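Report on one structure; see the data block that follows.
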Amino acid sequence: MRTHTLIASVLLCFLAICTRPTPVSADSAGELVSGIAQKSFSKKAAAVEKLASSGNENAALILNALMQGNLYRVKTDSTRVVLVLSEEGSLKISDPVTGAEFPSLTKSDLKKIRINNKVRSAIKAGLGRLDLTHIDPDRRLSAAAAVFKSGDPTMLPVLEELLSKEQDEHVKSAFKIAVASLQLINGQDKKIRLKAVETLQDAGGQEVKGLLSKAALQLATEKSEGSAEIAKAVEKALASVDRQLATYGMVENLFQGLSLGSVLLLAAIGLAITFGVMGVINMAHGEMVMIGAYTTYVIQETCRLYMPGVLDYSLIVAIPLAFLVSGLFGILLERSVIRFLYGRPLETLLATWGISLILQQFVRTIFGPTNKEVSTPSWLSGAWEITSGLSVTYNRLAIIVFALLVLFFLMLVLKKTLFGLQMRAVTQNRMMARSMGVRSASVDALTFGLGSGVAGMAGVALSQIDNVSPNLGQAYIIDSFMVVVFGGVGNLWGTLVGAGSLGIVNKFLEPYSGAVLAKILVLVAIILFIQKRPRGLFALKGRSVEG
Amino acid sequence: MFKLTKYLGKLSAATMVAAGVLGMSAPAATAADDVIKVGVLHSLSGTMAISETTLKDSVLMLVDDLNKKGGLLGKKVEAVVVDPASNWPLFAEKARELIEVEKVDVVFGCWTSVSRKSVLPVFEELNSMLFYPVQYEGEESSRNVFYTGAAPNQQAIPAVEYLMSEDGGSVERWVLAGTDYVYPRTTNKILEAFLKSKGVKDEDIMINYTPFGHSDWQTIVSDIKKFGSAGKKTAVVSTINGDANVPFYKELGNQGINASDIPVVAFSVGEEELAGLDTKPLVGHLAAWNYFMSVETAENAAFIEKWKAFIGDEKRVTNDPMEATYIGFNMWVQAVKQAGTTNVDAVRQAMYGQEVKNLTGGVAVMNTNHHLSKPVLIGEIQEDGMIETVWNTDGLVKGDAWSNYIPESAKLTADWTYPFVCGGCEKPMF
């Protein structure tokens, strides 16, 4: 490693002397690096910029080390910067430029070089500059984005040259946007600037809007050739981008509504069985969700300990297990308490409320009161950018799909299996079902277990977007009852439509009224609706309703 | 219904028995005159248990430590723990129980402002003493409460000033996002007045409130994204409290807002809250406190070691309200020693000017307005969930009970010594 870098730096010196007007020697590289050790963040950022544009071979390595917090400065000599890496438990302290090691230094002689957002942006821009010629098109793409964000005018000639050579279409358009942004903000020529505005207008998106607004602010005070005309063009472009963003906003709002709806659906669907089909007012429903989320946590931690390789897929393993755990809790609950209280809704309400408190405290005692971290697997993090300015997050998308799948399988169980048939028979006419030889008691227990198990699966999904804490369930119990009552008790389709419409209405109200008022408005609307149609959207007809 | 009443009857009988057992053991302890009692009034169940349980454990650790050193005034110190269960009226009841039944000499407790407001009349009526260890909205000074957390001028204002500075990114546009209750509303009122005094225009300030435990942040985060694309550097000042922070930060990460684009500075997010989060997407977002676990001082290292040993978990973190509890407890111990008694009035007089070493270096001083002078730290979240200081005040900042940025409170003075002797008056009482 050491000889390698030595050769590299010698080569670099040679190259630098031959080809560059300003010679970059190992010495001045050392100076550049020591600039990073300054106390002021603004000066640090300037030093980073200088280092990145110096063309030094080690620049990327040094900048990455700074980003990761591996650069330290020697306490007694504030200009000396060293690289600290831990290798196999021992610390390796070396010079970041030459790679020479300092065995005499220990960690107590050193002070970490701190960075803040300003320095971090400078590093990103600097690394971006270095990545512009990277072989991987994705790296070039993010490099172009970094240059766009930094708005560094010195990059313009480099970018223009790269643009003419670029083959990849995606990267090409990203380069084009970056070039246009630099031309618009820093350019002098009217024609080029007007053309840049056009390019930007075609690109669209949130970031372009930010840039155009910045240009508009700048042009208002600028007195260069044709600035008024350019300002007009920018205004037009802004209006067009705004229109595009408004359309995207509607789509996004719809998606967010569906997403909220799917969360409500997941939370309520188990209740649609225990409350909707069986008629048990189960206040401990939220705790079944919570138990599902904690199961996810336990499985993730087990994976982390024994099989770190499959950590990303622990969520998938957690789905059936959460169903089983919550389902067993449900059956236990039904057998031990609820079966004695059938037909007495008030007492069921009180008893299950008590049970929910017991379960919360039980979990708090075992896992502690603090939140547990269920990490989001890499395949669920981030957002899917459909076009620039319109993106949907993967985890929300996954929850929508998951909610629909759960509903589909539940329907399948109810309509196509013997258990489903017995379940429907018992709820529609218990006496008749019993006289036909159905063991109603075990059907009751299994039905309650099914509803609780589905709640447990909801817990797996909710662990991705909410806190895994003992209070997780409480946040959803009211919403779940709202959805089931609104959709029509005893009807799964009603639950689907109820959850979806509540989600969308809520999300469309929120931008105008704020989150607090939107919730209140939805609640009032439901109360009024129930006054008009006490049985909800899709009322069940038949004898069981009257019973 | 008959069965239920029978159950209820059994239940109440059981609680009576339990209460009897507890009640019997309590007087047995008070019977001995060589015990000083310290009340601990923190929620151990309900929504706030997540934050407050840690503080209960901190007080227990401090008491334990004090006893190992030989107690106080030659007596053993005993902690009396009650659970107000995140239920605000219950806080008042439990406070009364601590003071009247248990006869404690001092109480350490409360987290939310609403719980503090609920116990305030009890402490004033019974002339007892409460140490309140959490950052809060100010606009209050009670004779019976010592506020060891930060007032707005020790947290919110310096944080905003930092973001306005060149190092902080010269922010010009502000989103004030908070949970809908008294602390965020008052803090945002102060911040809004402060920003306007610095020449920020109305259209550059967006204020947003959400309910407690809000979990669906999609709309608000995309609104913030839109607000931030107006060509000016934008930052979010978050007074979002408790559990709601986790989904908020998750949504920020997922929608790709990172700290170099739109930094979020939070006043209620510390190491404890971050422990339940994947912090990789959050690197660079800020927090303003008077203490970070990452600060390297000998005092802090010793405190962290003691805490981990006491709780028996290597992964447990320390946070700012714990330091505030530590300072408050030690100040009270010093004041009791100085006064030679636990009498509330004598201890109160001895509290003024009392000094305790901060865990982050320097010395905290108790002022006559019942607030501390402490240093202010601003830090950025790191990948390992720690917060690293990026800026700190050179000296101590004196906590203001009344904000200078709200016209009606700028006139008020809080000073519990002669000649003012009041928590908020325009002219001296004497």
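The values are calculated or read from the model by the stated rules, or taken from the named source; none is laboratory data. Since the model is a prediction, treat every value here as computed from it, not as a measurement. Ideal geometry is used to build each Cβ from the backbone, glycine not excepted, and the neighbour counts take in all protein chains shown.
Tabulated results
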read-out: Pairs with Cβ under 6 Å, 6+ apart, first in the range B:143-166 and closer than 19 Å to B:Leu55 by Cβ, second β-branched (Val, Ile, Thr) and modelled with pLDDT of 95 or more; value: B:Thr148/B:Ile327
read-out: Members of the range B:356-395 that are assigned to a strand (DSSP E or B) and of a type in the set (D, E, K, R); value: B:Lys357, B:Lys374, B:Glu380, B:Glu388
read-out: Test: residue in the range A:493-500 that is aliphatic (A, V, I, L, M), out of contact with any strand residue (DSSP E or B) (no Cβ under 8 Å at 6 or more places or on another chain), surrounded by 21 or more Cβ atoms within 10 Å (Cβ to Cβ) and at pLDDT 90 or above; value: yes
read-out: Matching residues, the range A:342-359, being in a helix (DSSP H, G or I) and either free of Cβ contacts under 8 Å to residues at least 60 places away in the same chain or not hydrophobic (A, V, I, L, M, F, W, C) (or both); value: A:Pro345, A:Leu346, A:Glu347, A:Thr348, A:Leu350, A:Ala351, A:Thr352, A:Gly354, A:Ser356, A:Leu357, A:Ile358
read-out: Residue within the range B:36-43 that is under 18 Å from the mean Cα position of the chain (by Cα), within 14 Å of another protein chain (Cβ to nearest Cβ) and part of a helix (DSSP H, G or I) present; value: no
read-out: Filter pass, A:Leu212 being modelled with pLDDT of 85 or more, within 12 Å of chain B (Cβ to nearest Cβ) and within 34 Å of the chain's Cα centre (by Cα); value: yes
read-out: Any hit, the range B:87-97, residues being of a type in the set (Asp, Glu) and either touching a residue at least 60 places away in the same chain (Cβ under 8 Å) or within 18 Å of B:Asn343 (Cβ to Cβ) (or both); value: no
read-out: Any chance B:Glu97 is assigned to a helix (DSSP H, G or I) and surrounded by fewer than 22 Cβ atoms within 10 Å (Cβ to Cβ); value: yes
read-out: Conditions (1) more than 30 Å from B:Thr318 (Cα to Cα); (2) free of Cβ contacts under 8 Å to residues at least 60 places away in the same chain; (3) within 14 Å of chain B (Cβ to nearest Cβ): number failed by A:Phe362; value: (1)
read-out: Single match in A:Leu141, A:Leu156, A:Leu162, A:Leu105 (criterion: within 27 Å of A:Ser34 (Cβ to Cβ), surrounded by 14 or more Cβ atoms within 10 Å (Cβ to Cβ), in contact (Cβ under 8 Å) with a residue 24 or more places away in the chain and of a type outside the set (Lys, Arg)); value: A:Leu105
read-out: Number of the condition not met by B:Gly256 [criteria: (1) within 22 Å of A:Lys149 (Cβ to Cβ); (2) free of Cβ contacts under 8 Å to residues at least 24 places away in the same chain; (3) in a helix (DSSP H, G or I)]; value: (3)
read-out: Matching entry among A:Ala100, A:Ala59 (being surrounded by 17 or more Cβ atoms within 10 Å (Cβ to Cβ), touching a helix residue (DSSP H, G or I) at 6+ places or on another chain (Cβ under 8 Å) and of a type in the set (A, V, I, L, M, F, W, C)); value: A:Ala59
read-out: Residues located in the range B:229-253, provided they are assigned to a loop (DSSP other than H, G, I, E, B) and more than 7 Å from every other protein chain (Cβ to nearest Cβ); value: B:Lys232, B:Lys233, B:Ile240, B:Asn241
read-out: Subset tally (residues that are facing another protein chain (nearest Cβ under 8 Å), part of a loop (DSSP other than H, G, I, E, B) and not small (Gly, Ala, Ser)) for the range B:259-282; value: 4
read-out: Residues of the range B:114-133 classified as β-branched (Val, Ile, Thr) and within 21 Å of B:Gln349 (Cα to Cα), total; value: 1
read-out: Of residues in the range B:44-68 being out of contact with any Phe, Trp or Tyr (no Cβ under 8 Å at 6 or more places or on another chain) and in a loop (DSSP other than H, G, I, E, B), the one modelled with the highest pLDDT; value: B:Leu44
read-out: So B:Gly178, is it of a type outside the set (A, V, I, L, M, F, W, C) and assigned to a strand (DSSP E or B); value: yes
read-out: Any hit, the range B:193-206, residues being assigned to a strand (DSSP E or B), more than 12 Å from chain A (Cβ to nearest Cβ) and surrounded by fewer than 23 Cβ atoms within 10 Å (Cβ to Cβ); value: yes
read-out: Residue list for the range B:49-80, restricted to those being β-branched (Val, Ile, Thr) and within 14 Å of chain A (Cβ to nearest Cβ); value: B:Ile50, B:Thr53, B:Thr54
